[in-house]
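For reference, the structure is listed below as structure tokens.
All of the numbers you see were taken from the coordinates with simple rules; none came from a lab. Being a predicted model, the structure only gives us computed values, none of them experimental. Cβ placement follows ideal geometry from the backbone for every residue including glycine, while neighbour counts extend to all protein chains displayed.
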Amino acid sequence: MKNIFHAHLWSMNSLKVRLLLSTLIMTLSVLPIIGFTLSNAFEQQLNLATQNELKAYSYSIFTVAEVENYQLVMPEQLLENQFNVSQSGLYAVISPLGSSKQHNNMLLWQSQSMLTVTLPEYLPAPKVGQTLSSTIELSGSEHILYSFSASFSSNGQDFPITLHLIKSQQEFLTALSDFRQKLWLWLFILMVVFIVVQVVWLLWTLKPLTRLRLELEHIEKGQQKVLEANYPLELMKVTQQFNTLLITEENQRTRYRNALSDLAHSLKNPLAVIQSQTNISDSANEQLQRINHIVEHQLKRAQSAGQSSWHLGVPVNTVTEKLIKTLAKIYQDKQLSFNVEVAVHATFRGDEADLMEMLGNLLDNACKAAVSQVSIKAITVGKKLTIEIADDGQGIDKSEQALILSRGGRADTYQLGHGIGLAIVNDLITSYQGQLSIGKSSELSGASFTLFFE
């Protein structure tokens with residue numbers, strides 16, 4: 001029962017599940033978006049920083065470049081030492097400005113770092129005063145290519161050239177990879193922390209509802225009569241009204257039963273006086289007995305708590321033990337063997353008197369019909385209670401099952417009783433929206449009465 005209840009609690013119809021899912025969806029969608037946004041922003045900043053760095057290098061190279069007699073003159077070494085070290089990852093090449101792409105065989109100058117590096121066959125040629133940025137592959141790795149065109153004057157003539165700066169992307173990729181690893185690690189930690197905080201906050205916020213559910217379970221099982229905990233302002237009005245309803249319903253049921261008890265005594269006494277008269281005919285006496293039985297049946301039916309006592313809870317084994325002890329004494333001459341298999345947690349959600357009435361009638365009939373054995377079994381699955389009472393007697397034919405449930409109907413041959421017991425049982429079961437099934441016991445081969453309550 002507990003597992004089934006928790007399964008229901010964690011279904012999609014639970015506020016707790018809905019809030020948890022909304023928190024998870026928000027966390028799993030927002031934080032990755034933030035991560036991708038930060039990663040892209042950092043990558044753009046790295047690209048911009050690299051472009052600015054190469055632009056600064058281009059200015060420093062153009063500063064030391066000279067054109068004499070239509071020839072480019074460059075110093076042997078540049079101030080930036082990476083241009084002077086072979087395969088340093090930073091390279092510079094100057095080529096004449098052509099109409100489109102320039103062939104690498106037409107180079108005017110290259111830095112010492114380019115001595116062991118092979119350039120691609122063609123290099124871009126932007127217009128004078130313009131730049132182009134792209135990527136190329138050198139020695140099996142990606143490099144950034146920054147091309148800037150300028151024009152010098154030699155003997156009154158223009159001398160347009162294009163400076164190509166090539167920088168390895170290894171530092172760029174390493175920095176980007178380190179940033180992304182740290183970013184996703186901290187985002188994951190933040191995600192876990194955020195989810196844990198949200199779950200703790202959610203459980204703390206919904207704690208009054210959990211406490212309310214537990215108290216309702218206790219009331220339903222008969223372990224307490226009203227809600228006793230101190231609830232928040234949002235629930236206080238509901239709990240107060242609910243307690244008022246419980247107390248009012250219990251007081252009304254008590255007054256109603258007391259009134260019916262007084263009515264029963266006031267009716268039985270005059271009937272007893274009339275029946276004690278010696279000059280009453282047999283037909284009149286029979287009618288008086290019928291009136292007496294009808295009054296008894298209707299009073300018991302009216303006294304049933306029915307669905308009004310949904311909040312009550314009665315352990316089935318407690319009532320069963322009382323009835324078995326009593327019936328064992330009444331039918332001690334038959335030396336009946338009682339087989340009792342009642343689950344400890346089997347609970348009847350109703351009035352104890354009603355349960356006593358139903359089981360008492362069925363067990364009494366089973367004892368009358370039994371040869372030597374009577375069994376009663378009760379089990380609870382979820383909130384469904386099933387009670388089976390069986391005997392090893394002759395059983396009941398299908399044609400007689402509807403008859404014995406009718407008022408005054410009987411299918412037995414024993415003289416005790418007036419035939420209203422099963423009708424009362426059927427009415428009580430109906431008042432609790434339950435069902436009564438009559439069949440043949442597979443174990444004892446006699447009659448089997450099964451009660452089902454939701």
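Computed from Cα atoms, the angle from the helix 15-64 axis to the main principal axis of the chain rounds to 0 degrees. Placing a label point 7 Å from the Cα of Thr27 along the Cα-to-Cβ direction, the residues of segment 166-204 with a backbone N closer than 18 Å are 184-204. The label point for Gln287 and the one for Ala41, both projected 7 Å from the Cα toward the Cβ, are 9.9 nm apart.
Each DSSP beta bridge with both residues in the chain is either parallel or antiparallel, and the antiparallel ones are about 90%.
To check you understand DSSP bridge types, tell me what percent of the beta bridges within segment 65-168 (both residues inside) are antiparallel, rounded to 5. Here the antiparallel bridges make up roughly 95 percent for segment 65-168. For Phe159, the amide hydrogen comes within under 5 Å of the amide hydrogens of Phe152, Ser153, Ser154, counting only partners 5 or more places away or on other chains and with H modelled in the peptide plane.
Under a 5 Å amide H cut-off, with hydrogens placed 1.01 Å from N, Val67 pairs with Val73 among residues at least 5 apart or on other chains.
Principal-axis analysis of the Cα atoms of the chain puts helix 170-205 at an angle of about 20° to the longest axis.
What residues from segment 28-51 fall in the zone where the backbone N is under 20 Å from a label point 7 Å along the Cα-to-C-beta line of Val196? Under 20 Å, as judged by backbone N against the label point of Val196, lie 28-29, 31-32 of segment 28-51.
The translational diffusion coefficient of the chain, from Stokes-Einstein at 10 °C and 1.306 mPa s with a Kirkwood hydrodynamic radius over alpha carbon pairs, comes to 50 µm²/s.
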